[in-house]
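Asker: Have a look at this one before I ask anything.
The values are calculated or read from the model by the stated rules, or taken from the named source; none is laboratory data. All values reported here derive from a predicted model rather than from experimental measurement. Quick reminder, even Gly has a Cβ in these numbers, built from the backbone with ideal geometry, and neighbours come from all protein chains shown.
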Amino acid sequence: MPELLTNQYVLDASALLSTLYKDERESKHGQIITAIIKNPKNRLFCPSIIRYEFGNNLRTSLKNGRLSFPEAKAFIKVFLKWPLKIFEVDLHTTLHLAIKYNTTYYDASYLSLSYAKNAQLISIDKNLIRAFSSVQNNPS
Amino acid sequence: MKNIKRPKTQGKQKTKKTEAQKRKEVIKLMEEFRQMNLKKENPITWQEAYRYARTFD
């Protein structure tokens, strides 16, 4: 993988959710990621799966009575305002990465976009971070 | 009847928001949502929300 561009980031669902919800371990991840979003010089990317991950989060939260409809609407309002550029990923590259690094196709879509954009992947999901490190250390 | 063109300077001028202003606004919205969740008796954690996001059943 070529050298990463310092102001380009691919954000996954765990990273974005940590800026809105409480952390079980009271970590500072949410604050750090909020600062990345706040800096206008930073370009933020997501694969299109993010829409469905968030949709599923809202659907299950509503079904479980953890969220009300006005709260779900407020979440969507934030999502639509986030300065994210959403991309379709290359299906061949994504499949190749999913097989090579033994990840789900969903996770591989984040790896694929990071690869395409030379962008740092921001995630709090340990499996995804591990896979991203592997891609960086063992490209092609 | 002839259409009368208004000079460009008249009427409400639209001011374009800078990227920094847009980011500030979204941070404010995020904070409002965060506070709304924290007011709950049992606030949702990002770990719970992420579990919901990644369960494709």
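Asker: Among A:96, A:92, which is over 16 Å from residue A:46 (Cα atoms) and surrounded by 14 or more Cβ atoms within 10 Å (Cβ to Cβ)?
Answerer: Values: A:92 fails: surrounded by 14 or more Cβ atoms within 10 Å (Cβ to Cβ).
Answer to the selection: A:96.
Asker: With A:109, A:18, A:48, A:61 as the choices, which residue is modelled with pLDDT of 95 or more, surrounded by 19 or more Cβ atoms within 10 Å (Cβ to Cβ), farther than 22 Å from residue A:136 by Cα and touching a Ser or Thr at 6+ places or on another chain (Cβ under 9 Å)? Break it down into steps so the answer makes sense when it comes.
Answerer: Numbers: A:109 fails: farther than 22 Å from residue A:136 by Cα; A:48 fails: surrounded by 19 or more Cβ atoms within 10 Å (Cβ to Cβ); A:61 fails: touching a Ser or Thr at 6+ places or on another chain (Cβ under 9 Å).
Criteria check complete, one pass: A:18.
Asker: Any idea how many residues of the stretch B:26-57 are facing another protein chain (nearest Cβ under 7 Å) and within 11 Å of the chain's Cα centre (by Cα)?
Answerer: Pass one, the stretch B:26-57, residues facing another protein chain (nearest Cβ under 7 Å): B:26-27, B:29-30, B:33-34, B:36-38, B:43-47, B:49-50, B:52-56.
Those still in the list that are within 11 Å of the chain's Cα centre (by Cα) too: B:26-27, B:29-30, B:33.
Here the count works out to 5.
Asker: Turning to a different aspect of this structure: Can you work out which of the residues in the stretch A:114-133 that are polar (S, T, N, Q) and surrounded by fewer than 16 Cβ atoms within 10 Å (Cβ to Cβ) is modelled with the highest pLDDT? Talk me through it step by step, then tell me what you get.
Answerer: Pass one, the stretch A:114-133, residues polar (S, T, N, Q): A:114, A:118, A:120, A:123, A:127, A:133.
Within this subset, residues satisfying the condition of being surrounded by fewer than 16 Cβ atoms within 10 Å (Cβ to Cβ) are A:118, A:127, A:133.
On the way: A:118: 93, A:127: 89, A:133: 88.
The qualifying residue modelled with the highest pLDDT is A:118.
Asker: Within the stretch A:75-89, track down each residue that is under 13 Å from the mean Cα position of the chain (by Cα), surrounded by 16 or more Cβ atoms within 10 Å (Cβ to Cβ) and not aromatic (Phe, Trp, Tyr).
Answerer: The answer is A:84, and nothing else.
Asker: Next question. Could you please tell me which pairs satisfy a Cβ distance under 9 Å, a separation of 6+ or placement on different chains, a first residue in the stretch A:14-30 that is farther than 15 Å from residue A:125 by Cα and in contact (Cβ under 8 Å) with a residue 24 or more places away in the chain, and a second residue that is surrounded by fewer than 24 Cβ atoms within 10 Å (Cβ to Cβ) and of a type in the set (D, E, K, R)?
Answerer: Filtered contacts from the stretch A:14-30: A:20/B:34.
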